[in-house]
Amino acid sequence: MNWMRKHTAIVIWVIVAAFGVGVVWWSVGAYIGGQSGPAQSASAPSPSQAIALVTKGGTPLSYNYWIMPTDFNNYMQNVNSNYKNTYGQDPDQLFVEPQLELNTINTLVDQQIINYFAKNDNITVSKADVDNQVNSIVNQYKSNPQALNYINQQYGSLQNFENFIRPQVKESLISQKVMSLVVNVTQSDVQSYYETNKATIENTYDQVRIAHISLSSQATANKVYNLIKSGKLSFSQAAKDYSLDTTTSATGGEVGWLTMAQLGSLSSQVFSATPGSIIGPIQTSYSWEIINVEAKKLYNNFDAVVQATSVYNTLVNDVKQQKFNQWLANYKKQNDFSYQLEGQVLPYFKEFYSIPSTDTAKLDQFIQNMKSYIYPSGQATVNTSVDPRLLALFEMALESYKTNLNQQYSAVLSYHSNVGSFPATYIGVPVSVLQQKLAEVQNSMNSATGTNFTNLFNEQTNLQSAINFNQALETLKKQGYTTDAQINAQYNKYNTLISQINDEMKQVLTAIYQLVPYSTVAVSKLYSLDPSNQQVALSYFQDQYNLLKPIISNPQTYQTYASQINSMLSYVVSGLQSLSYTGESTSIKQGALVTLISMAQDMNSPQQELTYLKQLKTVNPNYQGIDQVIAQVQNVITASSTKTSATSTFSPSSLSTNATPIIPTNQASQFKP
């Protein structure tokens, strides 16, 4: 049921948050993450050995509260692992990893400040409490063979794992005691939280149990729907006979309980249906759906939440964490807690992320300061001896500044993009009048057809443009721009600034690409600025292929997600095919074809593979081993004509592997030049 698949696009801060931004409710997964807590050393370490020094009133606390490399690295290991599980790739070392590191340091520093409070208030936990919690965690893994195997691989033995998590368990229990001391949650607090966040709570916790039938066309969907409604087929049997969703068809289309968020655009129709009803056919982006609405659980009033113990307890914990976070922020402010970062890179990231997103002046000053060593002595070229992570930070700062400019000049841009695009009679008409007329036109469109619909659609476009123009004009007048000449001068100023920023971004990204060509973020950014650079374009499409590879190389996974990724897959294939024909050099053409061959192998398409192999031979007749591989693939195709299915059996290793692979072997192709 493709439109109900759970997506995992999580922003960076959420990944770190999953391991305890509040620093109290540590999940079982966090225990694997690594130890944090007061550093222990036979002798006091020097500040230079620390990652960060927790300070109070500007003075560093004792080294027991410093963030040491072991604590930091253990935590980051798990953060990176979860990032890879989420996105299917390691975090970019230049653009993403420093953000994860800084967020991790913030989390660990907060935990140390909690430890400081606990020590000063004589809050401790007994060895028995720690033992009980450790045993509880370990017992969970003992009953899960897969988790137990993972622990043995990572730690060598279950005993090693117990020893590893014990300090963090103790710290977590202390944190919970601190929370219990400083936070009190009443039912009134929970009700207030519920009323404030009602829409979000309903979207998260309201559930409906459904079964579905997924079909390829409206005609087929209507046919199946009528068979069900006439009683000729039960819903369950119809799902078994007709549904394209092989993951649910065998069980009569049963999907189970879903939330509004999981249903997405279908949530309104499904949740408004009466349990026991069958709705549809409904067109989605991927199919036509017939849905059996079996039951619902709704939390549209607070009494329903109170009666649902698990939901209520979750909200209690949410409120508790919210109040605790506020207590911690106040405690840090009242006692002037902060931290000093050691090293040459992360302090700049910390400064950048401390700048309010709307403070253009402060952001501009930060950029000017960075320019002093990225362009030393005012030189025109980038100083490539600078740490590439700082070059990446400079590019991100430029991009933020560009975003601020777009917001600052939004009225000018709207004026310029809409001027002259609608009848002049609409100029100066009050926006409220235009909006009313737009609503009337849109209402008429619901029943219009043919030429009448086309005319109404054009009128809708004109009215929307007029609304945007008049709103922009009103804003500009308030800003003191009353003539076309003044507005055009601002527009030209904007274009000059954006052009300068784009040039600087392109220059810095080019330097990064030369220094660290495997930075996928740098490649993507550079390609968006300069798609004509064929070497960058090749790297970009190879990176996109690497993201698709885990899906397209597994037939079952590909079948599940085909409708979501096919447009991207076609885009990548089209880009590589273009490079294979128009490449400015043999290496560009060859690199594109090698990637296309790998994609054909992944998708078990020997005929397409043969086409690319022959093209590769044309591009480079001396490509070692090419004739042998072509013959092998031709044999596979010949054999397939007499079999129901055939797979490509040749081994890419029969080609020469002495040359340097165009696609890094640890990232992409099994086919090597």
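The values are calculated or read from the model by the stated rules, or taken from the named source; none is laboratory data. This one's a predicted model, so the numbers in the text were calculated from it and none came from an experiment. Neighbour counts run over all protein chains shown; Cβ positions are idealised from the backbone, glycine included. These area figures cover heavy atoms from the full protein model, side chains too; ligands, DNA and RNA do not enter into them. Shrake-Rupley method; radii C 1.70, N 1.55, O 1.52, S 1.80 Å.
Scanning segment 39-47 finds no residues that are modelled with pLDDT under 95, part of a loop (DSSP other than H, G, I, E, B) and at positive phi.
For segment 613-639, residues that are within 22 Å of Thr582 (Cα to Cα), outside any helix (DSSP H, G or I) and open to solvent by 80 Å² or more (accessible area, probe 1.4 Å) total 2.
I'm trying to understand the selection: among the residues of segment 436-454, which are open to solvent by 90 Å² or more (accessible area, probe 1.4 Å), modelled with pLDDT of 90 or more and not β-branched (Val, Ile, Thr)? Please lay out each step first, then the result.
Step one: list which residues in segment 436-454 are open to solvent by 90 Å² or more (accessible area, probe 1.4 Å), which gives 436, 440, 443, 446-447, 449, 451.
Narrowing the set further to residues that are modelled with pLDDT of 90 or more leaves 436, 440, 443, 451.
Those that are open to solvent by 90 Å² or more (accessible area, probe 1.4 Å), modelled with pLDDT of 90 or more and not β-branched (Val, Ile, Thr): Gln436, Glu440, Asn443.
Suppose we keep only residues that are of a type in the set (Asp, Glu) and under 22 Å from the mean Cα position of the chain (by Cα) within segment 387-421. Which one would you say is most open to solvent (accessible area, probe 1.4 Å)? Top of the filtered list is Glu399.
Within the bounds of segment 422-429, is there any residue that is free of Cβ contacts under 8 Å to residues at least 12 places away in the same chain and out of contact with any helix residue (DSSP H, G or I) (no Cβ under 8 Å at 6 or more places or on another chain)?
Applying the first criterion (free of Cβ contacts under 8 Å to residues at least 12 places away in the same chain) to segment 422-429 yields 424-425.
Next cut, out of contact with any helix residue (DSSP H, G or I) (no Cβ under 8 Å at 6 or more places or on another chain) only: 424-425.
The answer is yes; a qualifying residue exists.
Evaluated against (1) in a loop (DSSP other than H, G, I, E, B); (2) free of Cβ contacts under 8 Å to residues at least 40 places away in the same chain; (3) open to solvent by 40 Å² or more (accessible area, probe 1.4 Å), Thr384 falls short on exactly one condition, (2).
A quick yes/no check of all residues on (1) among the charged types (D, E, K, R); (2) over 21 Å from Glu395 (Cβ atoms); (3) under 22 Å from the mean Cα position of the chain (by Cα); (4) buried (at least 17 other Cβ atoms within 10 Å of the Cβ):
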site: Tyr518; (1), (2), (3), (4): no, no, yes, no
site: Val523; (1), (2), (3), (4): no, no, yes, yes
site: Ser528; (1), (2), (3), (4): no, no, yes, no
site: Ser532; (1), (2), (3), (4): no, no, no, no
site: Asn554; (1), (2), (3), (4): no, yes, no, no
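Of all the residues in segment 199-214, those that are farther than 13 Å from Phe235 by Cβ and among the hydrophobic types (A, V, I, L, M, F, W, C) number 3. Screening Gln368 with (1) out of contact with any helix residue (DSSP H, G or I) (no Cβ under 7 Å at 6 or more places or on another chain); (2) without any contact (Cβ under 8 Å) to a residue 60 or more places away in the chain; (3) assigned to a loop (DSSP other than H, G, I, E, B) gives one miss only, at (3). Among the residues in segment 179-199, are any part of a helix (DSSP H, G or I), at pLDDT 95 or above, open to solvent by less than 50 Å² (accessible area, probe 1.4 Å) and more than 25 Å from Ala304 (Cα to Cα)? Yes, there is a match, as at least one residue in segment 179-199 is part of a helix (DSSP H, G or I), at pLDDT 95 or above, open to solvent by less than 50 Å² (accessible area, probe 1.4 Å) and more than 25 Å from Ala304 (Cα to Cα).
Might you check whether a residue that is on the phi < 0 side of the Ramachandran plot, touching a Pro at 6+ places or on another chain (Cβ under 9 Å), without any contact (Cβ under 8 Å) to a residue 60 or more places away in the chain and part of a helix (DSSP H, G or I) occurs anywhere in segment 563-573?
no
The number of residues in segment 200-224 that are touching an Asp or Glu at 6+ places or on another chain (Cβ under 6 Å) and open to solvent by 60 Å² or more (accessible area, probe 1.4 Å) comes to 1. Taken over segment 71-95, residues that are within 13 Å of the chain's Cα centre (by Cα) and not in a loop (DSSP other than H, G, I, E, B) amount to 6.
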